[in-house]
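Note sheet for the following structure.
The values are calculated or read from the model by the stated rules, or taken from the named source; none is laboratory data. Just so it is clear, the model here is predicted, and its values are computed rather than measured. Note that each Cβ is placed from the backbone with ideal geometry, even for glycine, and that neighbours are counted across all protein chains shown. When the accessible area is computed, the model is the full protein with side chains, heavy atoms only, and any ligands, DNA or RNA have been set aside. Shrake-Rupley method; radii C 1.70, N 1.55, O 1.52, S 1.80 Å.
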Amino acid sequence: MAEPASTVTLTIDGQSVTVPANTTILEAARSIGIDIPTICAHDATTPRGLCRLCVVDINRGRLLQPACIVPCQDGMVVETANDRVRTSRRTILEMLNSAVDLSQAPAIQRYLAEYGADPQRFPEGRRREHPVLDDNAFYIRDYNKCVMCWRCVQVCAEDAQYIFALSIDARGFNSHITTAFDIPMPESTCVFCGQCVGVCPTNALKPKIEWGLEQGLSPDQIREASRGLRRRQKPIRVE
Amino acid sequence: MVDQPSPEPVTLERIAAGFAGRGREALLPALWAVQTAYGYIGPEAVQVLSQALSVPEADIYGVIGFYSMFYDRPTGRTIIRVCTSPSCGLAGADRALHDLCDRLGIAPGETTPDGQYTVEQTTCLGLCEHAPAALVSRQGAGEQQYAPLDIDAILAGQPGHHAAVIGSMTRVLLRDLPTDRAQTLAEYGEYTALQRALSDLMPEEVIAKIEASGLVGRGGAAFPTGLKWSFTRRAPGAPHYVVCNADESEPGTFKDRVLLEIRPHLLLEGLAICAYAIGAEQAYIFIRGEYPLATERLQQAIAEAEAAGYLGENILGSGFSLRVEVRRGAGAYICGEETALFEAIEGKRGYPRIKPPFPTTHGLFGKPTVINNVETLCKVPGIINRGGRWFRQWGTDLSTGIKLVAVSGHVRRPGVYEIPLGVTLRHVLEELCGGVVGELQAVLMGGAAGTFLKPEEIDVRLTFEDLRAIGSTLGSGAIMVFNDTVDLRDVLRRIGEFFQHESCGKCYPCQLGTQRQKEILERLAAPLPGDRQRLADIGQTMTESSLCGLGQTAAAAVLSAMRQWPELFPA
Ligand SMILES: Cc1cc2nc3c(=O)[nH]c(=O)nc-3n(C[C@H](O)[C@H](O)[C@H](O)COP(=O)(O)O)c2cc1C
Ligand code: SF4
Ligand code: SF4
Ligand code: SF4
Ligand code: FES
């Protein structure tokens with residue numbers, strides 16, 4: 001096999017750009033000031049290509065391609081915001097907005113406006129609803145706000161901590177983040193490093209103190225309410 | 001809560017000990033062992049398996065949650081699943097489900113108060129020619145198919161029975177065969193094609209013969225088989241693997257089930273030839289968990305072949321060895337997608353991987369892998385024995401040879417038919433299947449992921465290119481027939497349910513789109529203003545932006561129905 005050339009030249013939205021081989025289309029576009037929206041991508045996590053908000057049109061192919069994953073190749077003609085691309089992005093955003101509470105996800109709010117997403121597009125659509133979980137002293141988990149970007153699971157596992165406290169249960173629309181048998185965090189393997197909270201884009205995971213202040217509690221009251229949630233208990237038995 | 005004896009730790013330990021040290025790849029077999037013994041996989045079992053296989057407990061929990069035949073809490077000791085996908089729907093599955101629930105005094109999804117029975121509604125069980133179908137799991141005993149569903153037999157604990165219904169124009173894979181049992185090794189005869197390959201042909205020559213035949217994959221994607229083998233043979237890295245895709249879960253598709261049930265040796269011989277050609281010494285056959293009869297017969301055939309020296313160490317004195325392992329799926333259509341299937345064998349949630357890289361270089365365990373459909377591999381012995389030109393006597397230049405089609409719904413004789421590619425759909429329906437029952441309204445080609453044809457289109461020749469030319473697909477060979485008594489909106493609703501149930505949830509277009517599509521398809525008779533455009537946008541987004549073939553085809557049938565019968569979709 002031939003050695004890959006060290007740089008490649010392609011066209012993005014009519015502009016020619018030369019980048020090192022193995023640069024993603026997302027990076028190449030950003031290098032010339034073209035912003036492609038992303039939800040799941042994060043510097044700290046392995047790209048999984050989940051949200052598909054970053055899809056672009058390459059060579060007018062049958063399928064749109066995720067810019068966060070696909071590497072640039074010589075001669076590619078990329079369109080980052082044509083009608084096909086915009087229809088996918090808008091529809092994804094409208095569907096997401098109809099299922100999840102995005103009120104504390106500022107970046108996604110910006111995209112909703114930018115793509116003209118109609119908040120009433122899916123009027124009778126089922127929402128993903130979960131009780132807010134306040135089971136430890138450090139952070140709360142409000143999965144009504146979860147967009148399933150997997151970042152928390154990834155940093156808790158091979159992308160950083162190797163703790164494996166979190167997992168995904170069920171499938172499809174019903175899939176959601178949880179612990180083994182839905183046990184409270186203190187009973188899981190969690191070491192409360194806070195990495196998951198740090199990468200969560202929607203405030204589904206939020207520091208307890210910040211949440212408590214929003215609820216109108218004083219710092220003392222929050223500390224008091226968290227007592228007893230610190231200790232790791234013996235795993236309970238689930239029926 | 002159901003009254004259930006708690007699992008005895010000592011026996012759990014014994015199960016775990018049987019898999020200990022194998023690591024994560026043993027997870028699905030281990031979970032099956034626990035599921036079958038106890039009827040569910042609880043926290044103690046997860047703890048024990050976590051230790052034995054070095055897999056985090058949260059990960060095991062996630063795996064249990066992915067597969068619909070694994071349960072994390074007790075259910076009834078007998079689980080009865082009734083299929084309500086389109087073909088069973090036509091045959092009165094809703095009524096049967098209702099009657100069954102009435103008899104037991106529960107609703108679908110519930111368990112009887114005595115903990116005896118749980119009833120579930122499920123998607124296609126691959127028994128469409130015997131519709132309506134049911135699959136029963138009994139704690140301690142495993143799975144049984146009932147086709148057609150027989151409530152008395154199920155409740156009396158009697159075994160289920162079904163025989164294959166076959167017909168053949170070309171008499172290669174299917175010919176005069178017993179249809180109610182597997183062909184034995186003695187009846188099948190010697191593995192002459194394998195003998196020939198091992199003694200007379202270099203691996204490259206085997207591949208050249210397959211290439212000369214023009215054979216393309218029969219699992220739906222129609223990729224040239226010889227090319228796939230040669231890519232894998234040349235791929236660096238060891239070991240190489242062969243995987244047979246026997247996950248057959250596309251609604252309306254049941255041809256692989258029939259091959260496995262009545263001609264397992266044909267598959268094993270094809271598999272061994274493939275392994276020789278690509279330099280693999282380990283093969284896996286991944287078979288859907290809903291196919292207990294096929295699994296049992298396959299395992300028996302493997303034992304026969306090993307005893308006769310056609311599989312195992314130093315086959316026929318050639319120095320070539322092949323270990324064949326059967327892996328059971330556990331209820332997930334997505335595991336038919338090749339990379340999701342690898343994940344399942346590796347003990348993970350069956351999420352498809354991003355491609356490239358392709359399986360030919362990065363497949364099972366990251367190694368070069370050939371994955372082929374059951375029917376594809378069953379074509380191999382004939383081609384090795386009789387040559388590519390023999391195979392090309394049938395079909396067209398672009399669609400060579402023969403194909404199995406699985407016909408269900410409103411025909412007189414639903415079943416699996418072997419045809420030369422290029423015969424018309426009309427010939428299949430009118431000659432082979434004995435004609436349509438009633439007045440033909442529509443044909444769904446290629447299963448739930450396929451497209452609808454109208455009666456005036458049934459003179460189309462069944463080839464990949466002819467169907468593509470009219471915007472349709474041969475897919476895996478599923479042909480579902482609907483007469484004019486059928487409300488197509490009801491069929492669409494069932495298709496919507498199927499994809500909502502089977503989306504893995506990895507990527508947003510399909511995770512969200514299959515749910516929203518289902519909701520709209522449920523209200524087709526009383527739509528909200530704007531629903532047609534909603535369906536169109538969801539369909540376009542899933543088709544163009546989904547990560548894998550499931551999402552990319554989850555709107556195919558709906559979009560084709562919108563073109564064919566716009567009147568069903570008020571704006
Ligand atoms: C959602 C989905 C389900 C699939 N299910 C099956 C299946 O059940 N059996 C099968 O052989 N191929 C299935 N395929 C196709 C496989 O990914 C793969 O192309 C095939 O196994 C390759 O074998 P072949 O070349 O012999 O057809 C499926 C693909 C997708 C996207
Ligand atoms: S805080 Fe706990 S759950 Fe979050 S990443 Fe750290 S160990 Fe994992
Ligand atoms: S909790 Fe936050 S980080 Fe985790 S998947 Fe949901 S949105 Fe992403
Ligand atoms: S298209 Fe559907 S099945 Fe495929 S990865 Fe995306 S969510 Fe999963
Ligand atoms: S950012 Fe590319 S798929 Fe999410």
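Below, the figures for the structure above:
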quantity	calculated
Antiparallel bridges, percent of DSSP beta bridges restricted to the range B:399-507 (to nearest 5)	80
Chain A - share of DSSP beta bridges that are antiparallel (%, nearest 5)	90
Karplus-derived HN-Hα couplings along the range B:513-527 (A = 6.51, B = -1.76, C = 1.60, θ = phi - 60°), whole Hz, x at Gly and Pro	x, 5, 5, 5, 4, 4, 4, 6, 5, 5, 10, 4, 6, 9, x
Three principal axis lengths of the protein assembly as shown [C-alpha, angstrom, descending]	82, 68, 60
Equivalent-ellipsoid semi-axes of the range B:336-385, from the Cα gyration tensor, Å, largest first	24, 12, 9
Label-point gap, in nm, between B:SER321 and B:ARG73 - each point 7 angstrom along Cα→Cβ	4.8
Amide H within-cut-off set for B:ARG353, under 5 Å, with H built and near neighbours excluded	B:THR339, B:ALA340
Accessible carbon and sulfur surface of the range B:356-495 relative to its total accessible area, %, 1.4 Å	48
For B:ALA330, residues with placed amide H under 5 Å, excluding near neighbours	B:GLY289
Calculated log₁₀ intensity ratio I(q)/I(0) where the Debye formula runs over C-alpha points of the range B:167-392, q = 0.17, 0.18, 0.19 Å⁻¹	-1.27, -1.45, -1.63
Overall Cα dimensions of the range B:402-483 - principal axes, largest extent first, Å	29, 23, 21
Listed residue (B:VAL136, B:LEU492, B:HIS427) projecting farthest to the positive dipole end of chain B, Cβ model	B:HIS427
Solvent exposure ordering (accessible area, 1.4 Å, most first) of B:TYR67, B:TYR38, A:TYR162	A:TYR162, B:TYR38, B:TYR67
Projected-area mean, the range B:220-270, by convex hull of Cα positions, square nanometres	4.6
Antiparallel bridge percentage (DSSP; both residues within the range B:78-155; nearest 5)	65
Magnitude of the charge dipole, chain B, Cβ model with Lys/Arg +1 and Asp/Glu -1, debye to 20	1100
B:LYS454/B:ALA107 FRET efficiency (R0 51 Å; Cβ-Cβ; nearest 0.05)	0.85
The protein assembly as shown - charge dipole about Cα centre, Lys and Arg +1 at Cβ, Asp and Glu -1, debye rounded to 20	860
Cα extents of the range B:136-187 along the three principal axes, largest first (Å)	41, 23, 12
Average beta-carbon neighbours from other chains, 10 Å sphere, peptide A:77-90	2
Accessible surface buried upon A-B contact (total; probe 1.4 Å; Å², nearest 100)	4400
Shielding score for A:121-132, defined as the mean number of other chain Cβ atoms within 10 Å	3
Per residue accessible area in Å² of the range B:402-483, where ligands, DNA and RNA are left out and the probe is 1.4 Å	29
Hits among aspartates and glutamates - C-alpha to C-alpha of A:LYS208 under 13 Å, sequence gap 8 or more where chains match	A:ASP134, A:ASP135, A:ASP142, A:ASP220, A:GLU224
Residues with amide H under 5 Å from that of A:ALA21, placed H, sequence gap 5 or more	A:THR7, A:VAL8
Partner chain coverage, peptide A:138-150 - average Cβ within 10 angstrom	1
log₁₀ of I(q)/I(0) at q = 0.13 Å⁻¹ - the range B:86-153, Debye sum with one point per alpha carbon	-0.35
Radius of gyration and Dmax over the Cα atoms of chain A, both given in Å	20.8, 66
For the range B:241-248, 3J(HN,Hα) per residue [Karplus equation, 6.51 cos²θ - 1.76 cosθ + 1.60, θ = phi - 60°, Hz, x = Gly/Pro]	10, 10, 10, 9, 8, 10, 8, 2
Alpha carbon Rg of chain B, scaled by the compact-globule rule 2.2 N^0.38 Å	0.94
At R0 = 25 Å, FRET efficiency that the Cβ-Cβ distance of A:GLN215 and A:SER103 yields, to 0.05	0.95
Estimated [θ] at 222 nm from DSSP helical runs (n ≥ 4, -39500 (n - 2.57)) normalised by residues in chain B, nearest 500	-12000 deg cm²/dmol
Mean Cα-pair separation over length for chain A, i.e. relative contact order, pairs under 8 Å, 6 or more apart, %	15
